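Here's the structure, in structure tokens; my notes come after.
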Amino acid sequence: MEKLRVIYSKSKEAIYLSHLDTLKVFCEALSRANIPVEFSKGFNPRPEITFAHPLSVGIESTGEIFEIILSEYVEPYYFIKQLNNVLPSGLTVLSADYVSLTEKNIMSRVYASTYLITFIYNEELLKDKTIREIEDIKKYYKKQMEKFLSQRNILVLKKSKERMERIDIKTQIINSEFTLDGSLEITVSSGSKKNLKPNFVMDGYNEFIEEKMEYEVKRTRILYI
């Protein structure tokens, strides 16, 4: 048996696939691609496949990970080519590398995720503005985000079926910085113990600026030990 760690991207219509749907698509693709997969034992045998950290519906990603147990060795290049030939639009295998069978389950090792948050500015806000004025507007919202993230405590309203409460997400934000194109690259806690979603950060930011800033999110990396 061999363990293969696979990195794939999720875009276009595929971002609306739930985790279970994504699992089903990959299982079907592995079968169609004639990849020698190892199956679990028991009443309902399934491919031995483990995803690192399920992605929320509606979010694009270029850094998703799953591990698959194969019953025999397959050249990574062949694996990538065969799988991409049968996967639907929006799901693309980017790389595949063998790892030790004795390594711990990838899901149990995840501790953080890196996201790229891109602001979508209201067209009316930018209408009839000069290039300099537009840049000043963008700098203002960037500065407000920096102020929001630099607070000693970042208290964000959390809603549940039973109650509403404010929680401090400061310790769950590992790192943040703006890219050259003005997008916010933010690394936050992820995994079974702590899981800070980027939309939760943006909810807090919108409350902070007392506006509703639209945005797009892309996950670029899953971090694990």
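The values are calculated or read from the model by the stated rules, or taken from the named source; none is laboratory data. Computed from a predicted structure; not experimentally measured. All Cβ positions, even for glycine, are placed from backbone atoms using ideal geometry, and neighbour counts span all protein chains on display. Remember, those area values only see protein heavy atoms, side chains included, never the ligands or the DNA or RNA. Shrake-Rupley method; radii C 1.70, N 1.55, O 1.52, S 1.80 Å.
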For this session: Under a 10 Å cutoff between Cα atoms, tell me which one of Glu64, Glu162, Glu13 has the largest fluctuation in the Gaussian network model of the chain.
Result: Glu162
Problem set entry | 222 nm mean residue ellipticity, helices alone, for the chain (DSSP H n ≥ 4; -39,500 (n - 2.57); rounded to 500) | -8500 deg cm²/dmol
Exercise. In this model, which of Lys142/Lys194; Lys12/Lys147; Lys159/Lys197; Lys12/Lys139 are farther than 22 Å apart at the alpha-carbon?
Worked result: Lys142/Lys194; Lys12/Lys147; Lys12/Lys139
For this session: Take the chain, connect every pair of alpha-carbon atoms lying under 10 Å apart with a spring to form a Gaussian network, then pick out the residue of Leu157, Leu23, Leu180 with the largest mean-square fluctuation.
Result: Leu180
Problem set entry | ³J(HN,Hα), Karplus 6.51/-1.76/1.60, whole Hz, each residue of region 195-207, x for Gly, Pro | 8, 9, 7, x, 5, 5, 5, 5, 4, x, 5, 4, 5
Exercise. Exactly which trypsin sites (Lys or Arg not before Pro) in region 150-215 are in a DSSP loop and have at most 15 other Cβ atoms within 10 Å?
Worked result: Arg152, Lys161, Arg163, Lys193, Lys194, Lys212
Exercise. Which whole-number value in Å³ per residue fits the convex hull of the alpha carbons of region 1-59?
Worked result: 103
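What does the accessible area per residue of the chain come to in Å², with a 1.4 Å probe and no ligands, DNA or RNA counted? Display every interim value, and only then the final one.
Numbers: 13580 Å² over 225 residues.
Per residue, the chain has 60 Å² of solvent-accessible surface.
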Exercise. Could you give me the ³J(HN,Hα) list for region 137-147, computed from phi with Karplus coefficients 6.51, -1.76, 1.60 and θ = phi - 60°, whole Hz, x at Gly and Pro?
Worked result: 5, 5, 5, 4, 5, 5, 5, 5, 5, 4, 5
For this session: Please give, to one decimal in nm, the separation of the simple spin-label points placed at Leu155 and Asn44, each 7 Å out from Cα toward the Cβ.
Result: 4.5
Exercise. Using the alpha-carbon centroid of each, what span in Å lies between region 7-47 and region 81-127?
Worked result: 15
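With the cut-off at 26 Å, report for the chain the share of all Cα pairs above it, as a whole percent. Kindly include the intermediate steps, with their values, before the conclusion.
Working: 11692 of 25200 pairs.
Pairs farther apart than 26 Å: 46 percent.
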